[in-house]
Amino acid sequence: MLRKTNAAIEYGIIVLGTAIMAFAIKNIYDPVSMVTGGVSGLAIIFKEMWGVPLWLTNTLLNVPLFAAAYFIMGWKFIKRTLFATVLLSLFLYVLPVVNLTDSDMLLSALFGGILSGIGTGLLFLVGCTTGGTDMLAVLIQRAVPYYTVAQVMQVLDGMIVAAGALVFGIPAALYAMIAIFCLAKVTDGIIEGLKFSKQAYIISDQYEEIAQAVMSRMGRGVTSLEARGMYSGQEKKVLFCVVSKKELVELRQITAEFDPRAFMIVNDAREVFGEGFIE
């Protein structure tokens, strides 16, 4: 039952993410002819040149990609991505046109990047994409394994942005680069924001009191490391603790309460797996 509940939540996230992405493409990028890469960028170019609807281009270009991915990678690889791609085409077809930015290029780049970054980040959280250049990059990378998928994607999207510059002009491409930057930052923020923690090293003579307070008040584990000061030659205890960003403030307060002169080092921890964090 729990597995079914988790699957329902994940597919709900896919629906929300694709809806946000479709809204950004149809109501922000397309009205100002902003090509930010991917199949959606090609769809905007095709609409300008031949009047092909966005949803139709997105569907037709993804069909051969999914066929190739199915034969090369298997059904398990494409299942969720196929669902997301079909949803994106559906939302591009049914969503109403809303004029949000009044053709302001800077506003379109900023808010388009933010919205599409939110949508992309939500999809990445549940392990899927909307196909397109993401899937093509995976397939190409299998043939040229000495390049990463990210590197292949950069080349593909760069070519699409360059094509957009030829069709819509250099200024539109420059604004598109702002949108791509915002998209990447927001996507990273969503992915890392749910997994991002802080690791702290605390050097203090009151290590026992600090450790007990952290464990009892915060419910966090503390590890004692053996160390020796090279200047003083004295044996020291170094406390190591991993906390969330919000808990870092309380950790500082506890440390200062028992030893205002304690030496504390705080680093970023990208991902933390285990009890109290990501299972």
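What about residue 206, is it in contact (Cβ under 8 Å) with a residue 60 or more places away in the chain, on the phi < 0 side of the Ramachandran plot and not small (Gly, Ala, Ser)?
So residue 206 does not fit the description; no.
Hey, can you tell me all the residues within the stretch 120-130 that are at pLDDT 85 or above and of a type outside the set (A, V, I, L, M, F, W, C)?
120, 121, 130
Between 20, 13, which is aliphatic (A, V, I, L, M), in contact (Cβ under 8 Å) with a residue 24 or more places away in the chain, touching a Leu at 6+ places or on another chain (Cβ under 8 Å) and within 28 Å of residue 172 (Cα to Cα)?
Every option except 20 fails the conditions.
Which residues, taken from the stretch 105-132, are open to solvent by 10 Å² or more (accessible area, probe 1.4 Å), touching a residue at least 24 places away in the same chain (Cβ under 8 Å) and not polar (S, T, N, Q)?
105, 106, 110, 111, 114, 115, 118, 122, 124, 125, 126, 127
Consider the stretch 150-176. How many of its residues are exposed (fewer than 15 other Cβ atoms within 10 Å of the Cβ) and within 18 Å of the chain's Cα centre (by Cα)?
Count: 2.
Would you mind stating whether residue 20 is under 16 Å from the mean Cα position of the chain (by Cα) and modelled with pLDDT under 95?
Spelling it out, it is not the case that residue 20 is under 16 Å from the mean Cα position of the chain (by Cα) and modelled with pLDDT under 95.
Considering only the stretch 221-279, state which residues are open to solvent by less than 80 Å² (accessible area, probe 1.4 Å), of a type outside the set (A, V, I, L, M, F, W, C) and under 26 Å from residue 125 (Cα atoms).
Within the stretch 221-279, 244, 247, 267, 274, 276 qualify.
List the helices (runs of 4 or more DSSP H) inside the stretch 146-242, counting only whole elements, that have at least 2 residues being of a type in the set (Phe, Trp, Tyr) and closer than 17 Å to residue 116 by Cβ. Please lay out each step first, then the result.
On the way: elements: 149-168, 170-193, 207-213.
Because the criterion is at least 2 residues that are of a type in the set (Phe, Trp, Tyr) and closer than 17 Å to residue 116 by Cβ, the helices (runs of 4 or more DSSP H) in the stretch 146-242 that meet it are 170-193.
How many residues are under 16 Å from residue 17 (Cα atoms) and assigned to a helix (DSSP H, G or I) when one looks only at the stretch 117-133?
Taking the stretch 117-133 and keeping what is under 16 Å from residue 17 (Cα atoms), we get 117-132.
Remaining after also requiring assigned to a helix (DSSP H, G or I): 117-125.
The qualifying residues number 9.
The values are calculated or read from the model by the stated rules, or taken from the named source; none is laboratory data. All values derive from a computational prediction rather than experimental measurement. All Cβ positions, even for glycine, are placed from backbone atoms using ideal geometry, and neighbour counts span all protein chains on display. Side chains are part of the model used for accessible areas, which takes the heavy atoms of the whole protein and leaves out ligands, DNA and RNA. Shrake-Rupley method; radii C 1.70, N 1.55, O 1.52, S 1.80 Å.
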